[in-house]
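Please read the structure below before turning to the comments.
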Amino acid sequence: MQLSESSQSEKGLSTKASGRLLALDLGTKRVGVAVSDELQISTRPLAPIERRSWKDLLRRVIGLVESQQANAVVIGLPIRLDGTEGSAAKATRDIAQKFQRSLAVPVFLQNESLTSFDAQTRLKSTGQSAAAIAQQVDSEAAAIILRDFISEQQT
C-alpha cells in the first residue's frame, strides 16, 4: 500500500477517491476531523480527537472510518509557504504511512498550507467566543483540507 498526494501521485498511482471521505488535521494536542457526504458535495467538521497515544489515535480513527463509512482518509500535509517540507511534514508522512499500514482504506496527503488560519478567520466571522473557536478550529481546518482535496480531484 502506498500513499498518494492529491495534486500528483508519487508513483503514478490514481489520486481519485470515491464515496465518503474522512479528513484529519494532525496537531500535537488535537486532531481535527471532518467528513464528506458520499457524493463529495459537502463537508462537515466532526468533534476533534484529543491526542494521547498512537494506539488511542489509531483506534479512534478506525472507529470513525467504520462509523462514517469512509472510503478513504485524507491527511493534511504541512508544506511551507515556499513549497519545501520541514520536520512537521516528515512527521506527518511517517504517521500517514502508519495509518496506511493499519487501515483498510487508502490514505491520501493534501497540502494544508494556511488552512488553520483560514479556519480561524471563518470561525471568527461567525461571532463565536475565543474558547469556542479554539475547540472548533482543528476540525474546521480538516474540513478545509477535505474541500481542497475534493476540488483538486475534480480538475
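The values are calculated or read from the model by the stated rules, or taken from the named source; none is laboratory data. Here the structure is a predicted model, which means the values were calculated and not measured. A quick note on method: Cβ atoms are made from the backbone with ideal geometry, for glycine too, and the neighbour counts reach across all protein chains shown.
Exactly one condition in (1) over 20 Å from Lys16 (Cα atoms); (2) out of contact with any Lys or Arg (no Cβ under 8 Å at 6 or more places or on another chain); (3) acidic (Asp, Glu) is not met by Glu140; state its number. All conditions pass for Glu140, except number (2). Is the range 63-70 home to any residue that is buried (at least 16 other Cβ atoms within 10 Å of the Cβ), at pLDDT 95 or above, within 16 Å of the chain's Cα centre (by Cα) and not in a helix (DSSP H, G or I)? Within the range 63-70, one or more residues are buried (at least 16 other Cβ atoms within 10 Å of the Cβ), at pLDDT 95 or above, within 16 Å of the chain's Cα centre (by Cα) and not in a helix (DSSP H, G or I). Residues in the range 112-155 that are in contact (Cβ under 8 Å) with a residue 60 or more places away in the chain and not in a helix (DSSP H, G or I): Glu112 only.
Only residues that are exposed (fewer than 14 other Cβ atoms within 10 Å of the Cβ) and among the aromatic types (Phe, Trp, Tyr) were counted across the range 100-140, and they come to 1. Here Leu109 meets each of (1) farther than 16 Å from Asp25 by Cα; (2) in contact (Cβ under 8 Å) with a residue 24 or more places away in the chain; (3) of a type in the set (A, V, I, L, M, F, W, C) with one exception, condition (1). A single member of Ala104, Ala96, Ala89 is out of contact with any helix residue (DSSP H, G or I) (no Cβ under 6 Å at 6 or more places or on another chain), without any contact (Cβ under 8 Å) to a residue 40 or more places away in the chain, under 18 Å from Ile145 (Cα atoms) and not in a strand (DSSP E or B), and it is Ala89.
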